[in-house]
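Participant: Starting off with a structure, shown below.
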Amino acid sequence: MDMSGRVERMRATLGALVREQSDRRELRDRQGQELKARSQEYMTKQVQAAERYVQHRRELGKRKEEAGGWATEKTLSDKSNVMGFGPEDPEEAPAAGFAQYTAPVPVAPAVPTPEPPPAAGGWQEPPSPPPAPAAPAPAVAEEPKAPKRPGRHARPQESFDDDDFSNNSWMK
């Protein structure tokens, strides 16, 4: 092999090495950009979670201050745990589609079914008249009941919550 063939082969080898290095550099750059994008997304989520935590802690601090500095379980619990037994706000009114079901529907009296015609040639009893409607029962005046005496260990009407100090006069 002559010298020019060797030179060409060396140039081809060097060209292949340069192409491989540039391909590797491109791959490394692309992976770096993907990694940077993923880490930025992760950090954004972490910042949002930290902001929610800070908001929650501020809300708990505000509740504690409103309760006069007492950090009780009731003070720090979420307000969403309160059970509701009906619409208290106009926003919580029943939907219009259910309004028709709130009023009682009058029930029509049952109509007696007519008897079938008699068989031909047989004797038949005359039909009996329909039963008369029942007379209303006479109204009996109810005696007013004496108020029920509370039991031995009954609590007073306004019970005192040991954990809630916000209803005390000295807290205002």
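Participant: Any idea of residue 36's accessible area? Nearest 10 Å², probe 1.4 Å.
Facilitator: 140
Participant: For residue 17 and residue 57, FRET efficiency with R0 = 35 Å and r from the beta-carbon atoms, rounded to 0.05? Kindly include the intermediate steps, with their values, before the conclusion.
Facilitator: Working: r = 58 Å, r/R0 = 1.67.
So, using R0 = 35 Å, E works out to roughly 0.05.
Participant: log10 I(q)/I(0), Debye, Cα-only the stretch 21-63, no solvent, q = 0.22, 0.25 Å⁻¹?
Facilitator: After summing over all Cα pairs, the log10 values are -0.73, -0.80.
The values are calculated or read from the model by the stated rules, or taken from the named source; none is laboratory data. What you see is a predicted model, and the numbers here were worked out from it, not measured in a lab. No Cβ is skipped: glycine too gets one built from the backbone with ideal geometry, and neighbour counts run over all protein chains shown. For the accessible areas, the whole protein counts, side chains as well, though only heavy atoms, and no ligand, DNA or RNA atoms are used. Shrake-Rupley method; radii C 1.70, N 1.55, O 1.52, S 1.80 Å.
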